Structure formats: structure tokens, C-alpha cells
Amino acid sequence: MDILLKGGHVVDPSADLDSAADVLIKGATVADVGRSLKANGAKTIDCKGRIVLPGLIDMHTHLRQPGREDEETFITGGKAALKGGFTSVLCMANTNPAVDNKSVVEYIYAESAKADLVNIYTVGAVTKGLEGKELTEIGQIFEAGAKALSDDGRPIMDAELMRCALEYAKMFGLPIISHCEDLSLSRNGVMNEGFISTKLGLKGVPRAAEIVMVVRDIELAQLTGSRVHIAHVSTKESVELIRQAKKKKINITCETCPHYFTLTEEAVSGFNTNAKVNPPLRTTDDAEAIKKGLADGTIDAIATDHAPHTEEEKDIEFDFAASGMIGLETALPLVYMELIGKKVLSWSQAAEKMSLNPAKILRLSGKGSLKPGSDADVTVFDLEIKRVVEAKDLESKSKNTPFIGKTLNGAAALTIVGGKIKFEGGVV
């Protein structure tokens, strides 16, 4: 079925387009973008007053399958992604078993295809069992379809092993997504180290735990010439280090997450375990530095780090609660409210961070663009929708988000994947 998106405000940074236009979809590709398009027999959808974007790409998602289907599955995670306006997600390797061989990579592609909701890509593990001791068969993982390598959730503490991994990854053009955390500094910490952690009597994680590893991986990127992507940047010092590395033309990219520019360590007050994440929520100064890094291009991407956990894993003492929050269904409204609404980013810049740049970093051909010939992955955002986040309305199997009870402005109204309408009018 052909689809004509009529009269929306089309934002496509790959084509330097930011104006009213129509989008014509034929089959699984974008056929044309322009004014007053006509198409006999096409399903015409009125997009007046709405923002039409290249399909959003989340390059940091935990879907938990295989092994923890009680937390999330390809189906529940796919539905959450569609509701949030995401058409493609990159799932992390810390499943059970870990994605440390080609068989698990092949399983993920086969099972996610059965769900037939969003485009699901996978990360391959850097080390076997995520143990940081022995490299995986990177070539085989690449050939099976992995788009990046990462032991996310577990930093690679051995610098020599990280160097070897980067050199092997370079042979296949794969980026390594680095979880920057020095465990000797962060060990047993549960929130940002500072006044609030002292007040609450919780062991803190010093900001240096992230910073020193960012320094190390910048140096290793320079040494090897390999592609390093720094995950979930949370401190102002990390932003500045990456800014300076880019000025030196070091092959480095990075991401942050909505919770690092919308929340601070104050959210932990009252021992709110839904605000327990890793790296931890930082200070107001850090949040402002991250916004500046997004605005000036230092930070390439906005990812969700969607990390579902069961109620039993979260509704316990803060020290023992699992780290992480879900984010697929709240990310775009938070970007709209905190960044676009406050003139930190334009819609075009937001589309770069959430679609074009992730497609470039992961080398996803046909994604991140609405140019004719591109894959027909489209997100239509309605500025007028207002909703209170309620657990019962979330598509994710897990409900661990500190935004429950909060009013969000704007929401995805239509999500198209491969030319097929997968989410419309609040229904997957």
C-alpha cells in the first residue's frame, strides 16, 4: 500500500530540509518529498501541524532476550519502541547467554524478525561472557550481522585487551561502544558522590570513575585509529574531553541519554530506586554541560539506554536495587520539552542526534533519511498531545521509570517501518 503523508512539517537534516512538505511512500521506500504531491490510490494521512521525521534510531537499548524475558522481549520492547517513535533499535550484548558468538547473533535476528515490529540490530560482545578476559571471535560476529561491539554494563578494565579489541574491530569497520567506568573507583557505589549521597547515607560513585576511562579510551582511539563510541556520557568533564579529542581529529563519537539532561541526583531523594542508573544521575552543572555538548555537536547522539527491570528488582533497598530505567516511550517528548522547547536544539539538530547520526555511526544503509530511495521508516510527532505517564499505559513489560506521574508534552502519532504503518492513533 502506498502512503502519502500530507501537509506536515518535514525535518530531514540529510537533505537540509526543514519546511512544510509531503512525503510519498511506495512499497518499502520513500518515493518523493515535495509540495502538493499526488498519488492515485495511496492512503493519504493528514499531517498538518505535525513534525515528520526520519524514523528514530535508538543505538543503546536493552531488550533482555534471550534469558530475561520476564523483563522485556522483542515483542514488548518493539511495541514500546513504536509507541516512542523509534523505527530501529540496537540491542546490547549483556543478555543470557551473552551475544558473544555468531549463534546468538543469528538467534536475535531470527527471533526479532518473527516479532515484525521494528528493525532490531544487535551489538556483539567484545569479550567472551562479558568477563573482560578473552576476545570474542569478532570476525564471525561481524559476518553474522553485528553492527558494533560492546561489553556494556561491564567496562573493559584491561587496557591492553581494549587496545587489541580496537585493532581487531578496525579490520571490520566496527565501532566499540565503551562503558566508561573504573570499577576500582566506583565499586559498591550506588549514586553520584556528593552532598546528597552523604545526606542519604549512600555510597557514592565519584565522577572520576567515568572521567579516567574516557581519557584512557580517547588515548587508545588515537593510538589505534579505531572507532570508539563513548556510551551514556554523564559528566561535564567527559564532555570537554571529547570536545578536545574531536578538535584533534581523533576517531571518537559519543551519546548521552534523556535522563542526564532532564534529571539530577536530586531525583534519588526519598531513595527512589527508579532513579538509580549507571552511570548515576549527576549535578545541575553536568546537565547543563551535556546540553551545551549537544548544542555544539560534541555529543553526536541521544540514546535511551532503555534498561527494563522487574518490580521485584526495583522495589527493594536502594543499595540492592538494579540500576537502570526504561526510556523508549518517553525519550522524544523529553527531547521536545527540555531541548527543543527551551531552544537548546532545533528540530533538525534533534533529528541528527536521534536518527541521522546513529545511522552514520552504525553504518545502517538507507536509514536516518527521507531522501527518495531511502527506507520508508518515518516518525510523525504531534506537538499537541499531552499525557500523564502511567504504568498501565506503558507498552514495555517493565515499568521502572521515574517519569511515572509526570505530564509529557508531545508524542509520536504515527510510526512507519519499511513502508508499513506499525503505530497509529495510540495503537500498535
*Amide H contacts of Val205 (H built 1.01 Å from N, under 5 Å, at least 5 apart or other chain)*: Val190, Met191, Asn192, Glu193
_Pick from Ile211, Ile51, Ile196 the residue whose mean-square fluctuation is largest in a GNM of the chain, springs joining Cα atoms under 10 Å._
Ile196
*With Cβ to Cβ distances under 9 Å as the rule, what net charge do the other residues near Ala81 carry (K, R +1; D, E -1)?*
-1
*Efficiency by 1/(1 + (r/R0)^6): what FRET value for Ser365 and Ile385, r their Cβ-Cβ distance, R0 = 35 Å, to the nearest 0.05?*
0.60
_Could you give each residue of the range 374-386 its phi-based ³J(HN,Hα) in whole Hz, using Karplus coefficients 6.51, -1.76, 1.60 with θ = phi - 60°, and x for Gly or Pro?_
6, 4, 7, 10, 9, 10, 10, 10, 9, 6, 8, 5, 10
*Could you tell me what percent of the DSSP beta bridges with both partners in the chain are antiparallel, to the nearest 5?*
55 percent
*Net charge over other residues, Cβ less than 11 angstrom from the Cβ of Ala301 (K, R count +1; D, E count -1)*: -2
*Rounded, prolate or oblate: pick one for the range 146-267, where a ≥ b ≥ c are the square roots of the eigenvalues of its C-alpha gyration tensor, a/c under 1.5 means rounded, and failing that, prolate if a/b is larger than b/c, else oblate.*
prolate
_Length gained when the stretch Thr407-Glu106 is fully extended (0.36 nm per residue, less Cα-Cα span)_ = 104.4 nm
_Could you identify which residue out of Gly85, Gly194, Gly41 has the top mean-square fluctuation in a GNM of the chain using Cα springs shorter than 10 Å?_
Gly41
*Can you give the % of DSSP beta bridges in the range 1-116 that are antiparallel, to the nearest 5?*
55 percent
*Is it possible to state the helix-based mean residue ellipticity at 222 nm for the chain, with each DSSP H run of 4+ residues giving -39500 (n - 2.57), the sum divided by total residues, to the nearest 500 deg cm²/dmol? What is it?*
-8000 deg cm²/dmol
*Karplus-derived 3J(HN,Hα), 6.51/-1.76/1.60, for each residue of the range 70-80, Hz, glycine and proline x*: 6, 8, 6, 9, 4, 6, 5, x, x, 5, 4
*What fraction of the DSSP beta bridges in the range 111-233 is antiparallel, stated in percent and rounded to the nearest 5?*
10 percent
*the chain: most fluctuating residue of Asp18, Asp46, Asp319 per GNM, C-alpha cutoff 10 Å*: Asp46
*Could you tell me which of rounded, prolate or oblate describes the range 55-362, using a ≥ b ≥ c as the square roots of the eigenvalues of the alpha-carbon gyration tensor, with rounded for a/c under 1.5 and, failing that, prolate when a/b is larger than b/c and oblate otherwise?*
rounded
*Spin-label point model (7 Å from Cα, Cβ direction): what's the Lys43 to Ser19 distance in nm?*
3.0 nm
*Once fully extended, how much extra length lies between Asp296 and Lys247, figured as 0.36 nm per residue of separation less the alpha-carbon to alpha-carbon distance?*
16.4 nm
*How much net charge surrounds Ala376 when only other residues with a Cβ under 12 Å from its Cβ are counted (Lys, Arg +1; Asp, Glu -1)?*
+1
*Measuring from centroid to centroid over Cα atoms, what is the spacing of the range 189-266 and the range 12-34 in Å?*
36 Å
*What distance in nm separates the simple spin-label points at Asn188 and Ile316, each placed 7 Å from Cα in the Cβ direction?*
1.8 nm
_For a 26 Å ceiling on Cα separation, which of these pairs sit above it: Lys83/Lys247; Lys102/Lys133; Lys170/Lys248; Lys367/Lys399; Lys6/Lys367?_
Lys83/Lys247; Lys367/Lys399
*Using θ = phi - 60° and the Karplus curve 6.51 cos²θ - 1.76 cosθ + 1.60, what whole-Hz ³J(HN,Hα) does each residue of the range 211-221 get, with Gly and Pro shown as x?*
4, 5, 6, 4, 4, 4, 6, 5, 5, 5, 5
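Rule-based calculations on the coordinates, nothing more; no lab input. Owing to the predicted nature of the structure, the values given are computational and were not obtained by experimental measurement. Every residue, glycine among them, receives a Cβ derived from its backbone with ideal geometry; neighbour counts consider all protein chains shown.
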